[in-house]
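Step one of this worksheet: look at the structure below.
The values are calculated or read from the model by the stated rules, or taken from the named source; none is laboratory data. Small disclaimer: the values here were computed from a predicted structure and weren't measured. Here the Cβ is made from the backbone with ideal geometry for all residues, glycine too, and neighbour counts use every protein chain on show.
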């Protein structure tokens with residue numbers, strides 16, 4: 001299993017701490033059964049953390065023209081028309097994907113285009129599935145301009161356990177599907193704000209896979 005670069009340092013630190021803990025148990029535990037139990041628990045903890053930071057191969061090979069790809073693994077928890085106040089100041093279609101602790105936490109570029117905006121807002125750490133988490137939680141906002149001038153916004157949102165959002169996107173860079181947008185550590189959510197005239201390709205409570213499932217088709221209009 002390939003480990004994502006965001007998890008390598010954490011896994012190393014946990015490994016060292018668990019190794020020191022088990023050495024102490026080995027010398028001071030009065031029963032072998034206690035040592036064996038603690039060793040098994042330590043291996044489970046280390047394996048669980050490694051599983052969280054797994055980096056499976058994900059490659060979208062179909063036509064990328066006018067499609068929106070799922071920016072994350074997880075369950076679709078919101079499909080609704082909203083008034084977006086942070087950047088667009090207009091009505092947009094919001095699709096939100098909630099990532100559980102067992103989801104792959106890599107975030108992906110959802111459309112072809114260019115990064116024209118990035119901002120990070122400090123905030124709370126509410127449960128990411130709650131509606132208010134979109135505007136009140138710690139979050140990063142990325143706006144991508146498509147070749148036809150249309151703009152799409154992606155919002156990385158920290159959850160109750162997530163304490164760090166990593167964003168690779170930089171303003172001025174060209175971006176494309178199959179490119180990683182970032183990573184959110186330990187439980188989170190990704191919102192995407194689309195034009196109102198898109199064709200929705202997913203349903204509420206549907207499980208989607210980042211950089212694999214098409215969640216919407218865009219209009220070919222130009223601005």
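Given the criteria over 14 Å from the mean Cα position of the chain (by Cα), surrounded by 14 or more Cβ atoms within 10 Å (Cβ to Cβ) and at pLDDT 95 or above, does residue 192 qualify?
Details: over 14 Å from the mean Cα position of the chain (by Cα): no; surrounded by 14 or more Cβ atoms within 10 Å (Cβ to Cβ): yes; at pLDDT 95 or above: yes.
Against the criterion (over 14 Å from the mean Cα position of the chain (by Cα), surrounded by 14 or more Cβ atoms within 10 Å (Cβ to Cβ) and at pLDDT 95 or above), residue 192 does not qualify.
Would you be able to say whether some residue in region 91-101 is over 20 Å from the mean Cα position of the chain (by Cα) and without any contact (Cβ under 8 Å) to a residue 12 or more places away in the chain? Full working, then the answer.
Our first condition is that a residue be over 20 Å from the mean Cα position of the chain (by Cα); within region 91-101, this holds for 91-92.
Narrowing the set further to residues that are without any contact (Cβ under 8 Å) to a residue 12 or more places away in the chain leaves none.
Checked against the condition, which is being over 20 Å from the mean Cα position of the chain (by Cα) and without any contact (Cβ under 8 Å) to a residue 12 or more places away in the chain, region 91-101 yields no hits at all.
Of all the residues that make up region 91-108, how many are modelled with pLDDT of 95 or more and exposed (fewer than 14 other Cβ atoms within 10 Å of the Cβ)?
Total meeting the criteria: 1.
Restricting attention to region 64-79, does a residue exist that is surrounded by fewer than 16 Cβ atoms within 10 Å (Cβ to Cβ), modelled with pLDDT under 90 and under 25 Å from residue 104 (Cβ atoms)?
yes
For region 132-146, enumerate the residues that are assigned to a loop (DSSP other than H, G, I, E, B) and modelled with pLDDT of 90 or more. Lay out the reasoning, then the answer.
Taking region 132-146 first, the residues assigned to a loop (DSSP other than H, G, I, E, B) are 132, 138, 146.
Once the filter is applied, which keeps residues that are assigned to a loop (DSSP other than H, G, I, E, B) and modelled with pLDDT of 90 or more, region 132-146 yields only 146.
Return the total of residues in region 155-176 being at pLDDT 90 or above, part of a loop (DSSP other than H, G, I, E, B) and either under 14 Å from the mean Cα position of the chain (by Cα) or surrounded by 19 or more Cβ atoms within 10 Å (Cβ to Cβ) (or both).
Qualifying residue count, region 155-176: 1.
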